[in-house]
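Student: What follows is a structure written as structure tokens; I'll ask about it next.
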Amino acid sequence: MWIHWLEICQRHVKAATNAREKSLASRRSGDRKALSDSMHDEFQSSVQALSAAAFAMEAFRNALDDLGIVDADTKARWRSQRASAATKVIDTALAAGDVSRADLAPESVATIFKYRNSAVHPKVEFREPQLHPVLKMAVDQSLIIYGLENGRNALSVAASVVAFTVLDAHAVDDESARSFAAWRTMLRDFATEHDLTPNPESRLHALFATDGDHASPSPKTAAD
């Protein structure tokens, strides 16, 4: 399911981008009604993009869990500490292989889940309007939190969490080896379709090597 949530996230980021362009045009023309409508559209699309990014990471964590990546001790710690969804995503990704904590951007992951949770359980409180960084007008803070920039960043973070994990994952058996190979193909197709291919200097570009060039880590044996 995680790839579907990434697709949904990308689709809403595109919709938010289109809404922002309309807002800029309406701001220049002075059409207040059109501006209000397009800002509302951007808000709704960005809320859904942020939520979809969180769902993508949770679905990916569950997919890794189904492969037996997370041990019983880690799950017991989660229960005793009432671990957050973000913590579970990071811990599971780290358990999958050699991915570094820095590549997983844990603070950004936590922020995405924070905003997702706030969208589901909003606090009823007054907040001072803030200056919109692009439209240069005072707006409700929610229009900035759930705006194009955060939606776009959420897509990037969620896709990177999946990609870095799959890139550095160690298969524990034949099933996980097949899954990681299939997931690399899914990521390549997703990035190619949406023009998200990493630049050649990025480590993630290794995902775009051919299957023959990109040697998947061999399944671990008892001797390992």
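This table checks each residue for (1) out of contact with any helix residue (DSSP H, G or I) (no Cβ under 7 Å at 6 or more places or on another chain); (2) aliphatic (A, V, I, L, M); (3) modelled with pLDDT of 90 or more.
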| residue | (1), (2), (3) |
| --- | --- |
| 163 | no, yes, no |
| 173 | yes, no, no |
| 187 | no, yes, no |
| 191 | yes, yes, no |
| 197 | no, no, no |
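Student: Then there's this: Out of all the residues in segment 126-174, which are of a type in the set (Asp, Glu) and closer than 25 Å to residue 85 by Cα?
Tutor: 149, 168
Student: May I ask you to list the residues in segment 65-107 that are under 16 Å from residue 176 (Cβ atoms) and either β-branched (Val, Ile, Thr) or touching a Leu at 6+ places or on another chain (Cβ under 7 Å) (or both)?
Tutor: If the condition is that a residue be under 16 Å from residue 176 (Cβ atoms) and either β-branched (Val, Ile, Thr) or touching a Leu at 6+ places or on another chain (Cβ under 7 Å) (or both), then 69, 70, 92, 93, 96, 99 are the ones that fit.
Student: Additional query: List pairs: first residue in segment 141-159 and modelled with pLDDT of 90 or more, second residue in a loop (DSSP other than H, G, I, E, B) and surrounded by 23 or more Cβ atoms within 10 Å (Cβ to Cβ) anywhere in the structure, Cβ distance under 8 angstrom, at least six positions apart or on different chains.
Tutor: none
Student: Next question, about the same structure. Taking segment 21-48 as the search range and keeping residues that are surrounded by fewer than 22 Cβ atoms within 10 Å (Cβ to Cβ), in a helix (DSSP H, G or I) and among the charged types (D, E, K, R), which one is nearest to the chain's Cα centre (by Cα)?
Tutor: Here the residue is 41.
Student: Looking only at segment 159-173, count how many residues are surrounded by fewer than 24 Cβ atoms within 10 Å (Cβ to Cβ), in contact with a strand residue (DSSP E or B) (Cβ under 8 Å, 6 or more places away or on another chain) and not in a loop (DSSP other than H, G, I, E, B).
Tutor: Number of matching residues: 0.
Student: Scan segment 55-113 for residues that are out of contact with any His (no Cβ under 8 Å at 6 or more places or on another chain), part of a loop (DSSP other than H, G, I, E, B) and surrounded by 14 or more Cβ atoms within 10 Å (Cβ to Cβ) and report the count.
Tutor: So the count comes out to 7.
Student: Any idea which of (1) in contact (Cβ under 8 Å) with a residue 60 or more places away in the chain; (2) crowded, with 18+ Cβ neighbours inside 10 Å; (3) under 20 Å from the mean Cα position of the chain (by Cα) is the one residue 186 doesn't satisfy?
Tutor: (2)
Student: Name, by its number, the condition in (1) farther than 21 Å from residue 21 by Cβ; (2) touching a Leu at 6+ places or on another chain (Cβ under 9 Å) that does not hold for residue 154.
Tutor: Here residue 154 meets the rest and fails (1).
The values are calculated or read from the model by the stated rules, or taken from the named source; none is laboratory data. All values reported here derive from a predicted model rather than from experimental measurement. A quick note on method: Cβ atoms are made from the backbone with ideal geometry, for glycine too, and the neighbour counts reach across all protein chains shown.
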